[in-house]
1. Taking the criterion of being open to solvent by less than 50 Å² (accessible area, probe 1.4 Å), in contact with a helix residue (DSSP H, G or I) (Cβ under 9 Å, 6 or more places away or on another chain) and farther than 23 Å from Leu77 by Cα, would at least one residue in the stretch 157-169 satisfy it?
2. How about the stretch 126-143: which of its residues are open to solvent by 50 Å² or more (accessible area, probe 1.4 Å) and in contact with a strand residue (DSSP E or B) (Cβ under 8 Å, 6 or more places away or on another chain)?
3. Looking at the stretch 35-46 only, could you name the residues that are among the small types (Gly, Ala, Ser) and surrounded by 13 or more Cβ atoms within 10 Å (Cβ to Cβ)?
4. Return the only residue of Ala75, Ala32, Ala82 being open to solvent by less than 60 Å² (accessible area, probe 1.4 Å), more than 30 Å from Arg167 (Cβ to Cβ), of a type outside the set (Asp, Glu) and at pLDDT below 90.
Amino acid sequence: MSGEETGKRETAPETQVYGEDAGLRIGSGVIAGIMLALVIACVSGLFLDLSSITKSPLQVQYMAIIGAVVFGVMAVLSAYYAGPNRLTLDFAQRTYMAVRGFPLFPKTFSGPLSEIKELYLRERNGKGPTTWQIMAGWKQADRADFRLVACTERPAAQAQMQALADRIGVPADPKPRPWSGM
């Protein structure tokens with residue numbers, strides 16, 4: 001014998017979790033906190049008596065309002081990315097559960113794996129190397145596609161996507177799609 005147990009076969013886990021990125025969540029939470037502090041600073045500037053400092057206190061108040069709105073929008077977006085973003089696939093039960101949204105108010109949806117329409121590759125070019133993201137597309141039009149895995153090599157990403165698509169039972173689109181923003 002070569003040290004291997006007879007009859008033992010390596011199998012894939014029956015449940016796989018995708019999408020948890022602690023670094024992104026922590027970084028987004030820090031950015032949201034900074035943006036919230038800037039919103040508070042802008043709003044508190046509205047209540048200062050600026051007549052002794054400047055000849056046009058109204059202009060300063062307008063800038064404070066604009067700053068509060070801009071930083072407020074940035075704080076909300078950062079808070080969203082600080083929340084959970086997880087897709088759990090249960091191959092034994094043929095179901096999925098997705099959790100996505102703001103930290104204290106995440107939305108959860110679940111259903112059979114047959115609700116997944118397809119898997120496809122998304123090409124993302126940035127400052128560093130090109131990243132190939134394996135995406136799950138839904139049959140429901142109101143659901144945003146879900147990033148499962150990111151790879152730096154296209155052949156590895158295509159092989160992993162095809163293996164996962166075969167396991168889920170959905171088609172895998174071999175043509176990469178460009179990154180379209182968020």
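The values are calculated or read from the model by the stated rules, or taken from the named source; none is laboratory data. Note that this is a predicted model, so its numbers are computed, not measured. Please note: Cβ atoms are built from the backbone with ideal geometry, for glycine as well, and neighbour counts cover all protein chains shown. For the accessible areas, the whole protein counts, side chains as well, though only heavy atoms, and no ligand, DNA or RNA atoms are used. Shrake-Rupley method; radii C 1.70, N 1.55, O 1.52, S 1.80 Å.
1. Yes, the stretch 157-169 has at least one match.
2. Lys139, Arg143 - these are the residues of the stretch 126-143 that are open to solvent by 50 Å² or more (accessible area, probe 1.4 Å) and in contact with a strand residue (DSSP E or B) (Cβ under 8 Å, 6 or more places away or on another chain).
3. Within the stretch 35-46, Ala41, Gly45 meet the criteria.
4. Of the residues listed, the single one that is open to solvent by less than 60 Å² (accessible area, probe 1.4 Å), more than 30 Å from Arg167 (Cβ to Cβ), of a type outside the set (Asp, Glu) and at pLDDT below 90 is Ala82.
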